[in-house]
1. For residues in region 318-338 being among the hydroxyl-bearing types (Ser, Thr, Tyr) and within 26 Å of residue 87 (Cα to Cα), which is surrounded by the most Cβ atoms within 10 Å (Cβ to Cβ)?
2. State whether the residues of region 130-140 include one that is surrounded by 20 or more Cβ atoms within 10 Å (Cβ to Cβ), within 19 Å of residue 180 (Cβ to Cβ) and at pLDDT 95 or above.
3. Checking residue 196 against (1) more than 16 Å from residue 289 (Cβ to Cβ); (2) open to solvent by 20 Å² or more (accessible area, probe 1.4 Å): exactly one of these is not met. Which one?
4. From the list 93, 105, which one is in contact with a Phe, Trp or Tyr (Cβ under 9 Å, 6 or more places away or on another chain), modelled with pLDDT of 95 or more and not in a loop (DSSP other than H, G, I, E, B)?
5. Which one of 259, 203 is farther than 28 Å from residue 316 by Cα and either more than 20 Å from the chain's Cα centre (by Cα) or surrounded by fewer than 20 Cβ atoms within 10 Å (Cβ to Cβ) (or both)?
Amino acid sequence: MDFKNPINEYYHYIVYTLLTIVLLYILLLTSSSKSNNFALYPSQPTKAFNMKMYGDELEEALVGASTEDKMVIIAIVNKAYVEGDKPMLDIFLDGFWLGEGTDDLIKNLLIVAMDQMSYRRCKFLHLNCYKLETDGVDFVGEKLYMSKDFIKMMWRRTRFLGDVLKRGYSFVFTDTDVLWLRNPFTNLSHNKSIDLQISSDNFNGNEWSKANPINTGFYMIRSNNKTIALFDNWYEKKDNSSGLKDQDVLQKLIRGRAFRNLGLKLRFLDTVYFSGFCQNSKDVKAVVTVHANCCRRISAKMADLTAVIHDWKRFRSATLNETLRFQWTPHDHCRDSWRN
């Protein structure tokens, strides 16, 4: 007859219980870890993780909007561009919605707000937003073209964009009075030896000619030592350029020795593709952007850009014969804005 040792039975029971508890703990820990990972990083774990690694808000905003090769689209707004029944920012966004191949670009658009109201509007629209500190200067309302406050605001913009370059981000800068009707990256050169590609008020037919008058309302620039030095040089001219806006100063740098000394390569954008009110595109089947340049007031820009949107819709629904007869609506409001 066999007798079981009660001590051995008790020992086996304790070991079995402890092993069971350990296994359950491991299973629960693994399950909890997985569920937390899914909750924190539902779609882009790498980007979300990188955002936690950066300390300041600008870097987080740039990481959130940029492509994998650190390219971002930047637009700057203030209160004057977000107020009213149909503000300028909304018209600008309409272009992305109605354009060809443009809606997906919204995820790479960073809206830089110069006051609290425009920042709140940006957040309400669920865009990528950044609130720019303006050193106590009031940039809230409309700044009339070439007024002292307008010039100050343009220089603050230049300083900020130079800081973006220093962080290693290339970008397309666009004013919000530019309608994106087609994806511009199909017409912008991907040649990395070209440092700056910039729009022109009146294109002379030669994309390398420095005689082209520039417009800083739309340009693409690559981050490198040459372009960073350019922006430093450009901003340093601020206090010695009384009565000149930042665009005028950059034009002088382009036509002077600065560009040659830095070894910068510059390409001017054809207005057939990157057009404006100064010089309409002659081909609606090719036009990429329409800029409300040569215009003095925001209200006039909004009225004539709304007409451009109607023209675009008319073109999209037109027959072949109607397309052949297409003409842009005259920019009467912008023309009249210079009279008072």
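1. Per the stated criteria, the residue is 337.
2. Scanning region 130-140, I find no residue that is surrounded by 20 or more Cβ atoms within 10 Å (Cβ to Cβ), within 19 Å of residue 180 (Cβ to Cβ) and at pLDDT 95 or above, so the answer is no.
3. Only one criterion in (1) more than 16 Å from residue 289 (Cβ to Cβ); (2) open to solvent by 20 Å² or more (accessible area, probe 1.4 Å) is unmet by residue 196, namely (2).
4. Exactly one of 93, 105 is in contact with a Phe, Trp or Tyr (Cβ under 9 Å, 6 or more places away or on another chain), modelled with pLDDT of 95 or more and not in a loop (DSSP other than H, G, I, E, B), namely 105.
5. The conditions single out 259.
The values are calculated or read from the model by the stated rules, or taken from the named source; none is laboratory data. Only a predicted model underlies this, so the values are computations on that prediction, with no experimental measurement involved. Because the Cβ atoms are built from the backbone with ideal geometry, glycine has one as well, and the counts that use them run over all protein chains shown. Areas reflect the complete protein model, heavy atoms only, side chains present, ligands, DNA and RNA absent. Shrake-Rupley method; radii C 1.70, N 1.55, O 1.52, S 1.80 Å.
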